[in-house]
Amino acid sequence: MLAGKVPVGSAVPPRNTVASGKGSKVLVVNAGSSSIKFKIFTAETLLPGAAGLFDRIGDTANCVLKASVPEDGGKPKKFEKKIPAKDHLSAMQDIMSFIDENVSSTFASEVCAVGHRIVHGLDISQPKLLTPDVINCIQEAAVFAPLHNPPHLQGIYAAQKVFGPNVPQVAVFDTAFHQTMPPESYVYGLPYDMYEKHKIRRYGFHGTSHKYLVEQAAAMLGKDVSQTNVITCHLGNGSSVAAVRGGLCVDTSMGMTPLEGLLMGTRCGDIDPAVVLYIQNQLGLSASDTDTLLNKKSGLLGLTGSNDLRTVIEGAAKGEPRSQLGLAMFVQRVRKYIGAYMAVLDGQVDAVVFSAGIGENSALVRGLICDHLQAMGITVDTGANAAAVGGKQADISGPGARIRTLVIPTDEELSIAQQTLQVVRGAALAA
Ligand code: ADP
């Protein structure tokens, strides 16, 4: 039987059974400009079920739904189907038809909550039930996340239409975890009006991932989250570092937008802001071309011709100078942030955590980042580091390390499902 499938003839669970949790499902949705990612979780156990990606929405000749459905005792069944979807609503309806056919014909009535990943939530510090006020905030924050928040709203409207008013929907914000930063971390050195009137400040991103990593790190260290100090390094195509004291974020490398901080796949990360003025005033690039240059043509791509660190590593091994430079710059930037956050945390750090595509898979990059940091209490065991690839949780600290070095695969969807359930259960209790 397929996971999540309700046996024929069994009672259909009532809608919104989240308080009891039994038989209920949480649907996690991540809507992008031309895609919807989804993943189903069992509310009671938080075990993952079917997951998929509807890609190229709007490009009706090429839209494709790719999905993976777990099967008892076997490999997950893979699906790939061309389905013309003109917009997010038709894509959401097609996803539901797919789930009806391949997972459970009563799925719509089993869903107890829908959790949406939202990139920017301004100063909202917690996941929220979707109310008109929260939707307004997501709209307002679209000025800082123009490529993300508008499509998230389309995903929300589509899910509201498909599930109706009885299924609670929750917004989980990438920015929320960083709301505990003190002003000295989040205010920029600009006239204070810029912060007060225009909301220009550091918000930070990847918060769902950093939060998950802190919780997992605390469990690995056998400590309460509220007693755990860590530096979490989410190193993927987009990368960020967070300094966490007592489970709460006190600083992070991304800023008002995800452009600031580390060198990334296509984003430049930290640069002198005067470079932007020079590019516009002296080289004559428009604001929009500058935006594209900094966000989409810079970083590893701009330096080496590839945004994929695997390609850069291969190039560096062959002796290509630009690839060697790109790799060295990537590593150097992470080291600088780890050093800075050691100071932010007064040197009281339990662990440095590596995660996401690069952090979970590249023993080479982890080794380079941690090289010669013995004076800071960080050493890595070569064998344990080499073995920690492909989504394994591991403590790769070397002998005598004062600060643990941990590899923790991130799971943003699981965290969104957990946070969604907390909100909905909280609301049910308060009612
Ligand atoms: P995204 O931000 O798109 O979610 P991911 O977390 O999937 O990104 O990370 C993508 C990055 O991880 C790419 O730069 C890719 O090259 C890198 N990566 C994946 N596996 C490895 C590996 N074995 N060695 C080095 N880099 C890797």
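The values are calculated or read from the model by the stated rules, or taken from the named source; none is laboratory data. Not measured: the values here are computed from a predicted model. Here the Cβ positions follow ideal geometry from the backbone for every residue, glycine too, while neighbour counts run over all protein chains shown. When the accessible area is computed, the model is the full protein with side chains, heavy atoms only, and any ligands, DNA or RNA have been set aside. Shrake-Rupley method; radii C 1.70, N 1.55, O 1.52, S 1.80 Å.
With the structure loaded, tell me whether residue 401 is more than 20 Å from the chain's Cα centre (by Cα) and in the same structural domain as residue 246 (by the TED database) or whether it fails that test. Yes. The set of residues in region 217-229 that are open to solvent by less than 70 Å² (accessible area, probe 1.4 Å) and either within 16 Å of the ligand (Cβ to nearest atom) or under 10 Å from residue 350 (Cα atoms) (or both) comprises 217, 218, 221, 228, 229. Sub-6 Å Cβ pairs linking a first residue in region 78-91 that is on the phi > 0 side of the Ramachandran plot and touching a residue at least 60 places away in the same chain (Cβ under 8 Å) to a second residue that is of a type in the set (Lys, Arg) and surrounded by 15 or more Cβ atoms within 10 Å (Cβ to Cβ), at least 6 apart or interchain, number zero. Going by the conditions given, is residue 171 touching a Lys or Arg at 6+ places or on another chain (Cβ under 9 Å), without any contact (Cβ under 8 Å) to a residue 60 or more places away in the chain and open to solvent by less than 60 Å² (accessible area, probe 1.4 Å)? The answer is yes for residue 171.
Candidates in region 230-272 are the residues that are open to solvent by 10 Å² or more (accessible area, probe 1.4 Å) and assigned to a strand (DSSP E or B); of these, the one that is nearest to the ligand (Cβ to nearest atom) is 234.
Against the definition (within 16 Å of the ligand (Cβ to nearest atom) and open to solvent by less than 40 Å² (accessible area, probe 1.4 Å)), how does residue 338 come out, yes or no?
Working: within 16 Å of the ligand (Cβ to nearest atom): no; open to solvent by less than 40 Å² (accessible area, probe 1.4 Å): yes.
So residue 338 does not fit the description; no.
For region 394-409, the set of residues classified as touching a helix residue (DSSP H, G or I) at 6+ places or on another chain (Cβ under 7 Å) and either within 16 Å of the ligand (Cβ to nearest atom) or open to solvent by 10 Å² or more (accessible area, probe 1.4 Å) (or both) consists of 394, 395, 396, 404, 407, 408, 409, listed by residue number. Kindly check whether there is at least one residue in region 354-375 that is in contact with a helix residue (DSSP H, G or I) (Cβ under 7 Å, 6 or more places away or on another chain), more than 16 Å from the ligand (Cβ to nearest atom) and at pLDDT 95 or above. No - not one qualifying residue is present in region 354-375.
The helices (runs of 4 or more DSSP H) found wholly in region 129-210 and carrying at least 3 residues that are under 19 Å from residue 115 (Cβ atoms) and at pLDDT 95 or above occupy 132-140, 149-163. Pairs linking a residue in region 367-395 that is within 21 Å of residue 350 (Cβ to Cβ) and in the same structural domain as residue 344 (by the TED database) to a residue that is open to solvent by 30 Å² or more (accessible area, probe 1.4 Å) and part of a loop (DSSP other than H, G, I, E, B), with Cβ atoms under 6 Å and 6 or more positions apart or on different chains, are 377/402.
One line per residue, one yes/no per condition, for (1) touching a strand residue (DSSP E or B) at 6+ places or on another chain (Cβ under 8 Å); (2) under 30 Å from residue 131 (Cα atoms):
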position	(1), (2)
168	yes, yes
171	yes, yes
180	yes, yes
187	no, yes
196	no, yes
224	no, no
230	yes, no
241	yes, no
250	yes, yes
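Just wondering, is there one or more residues in region 100-119 that are within 19 Å of residue 155 (Cα to Cα), without any contact (Cβ under 8 Å) to a residue 40 or more places away in the chain and under 26 Å from the mean Cα position of the chain (by Cα)? No - not one qualifying residue is present in region 100-119.
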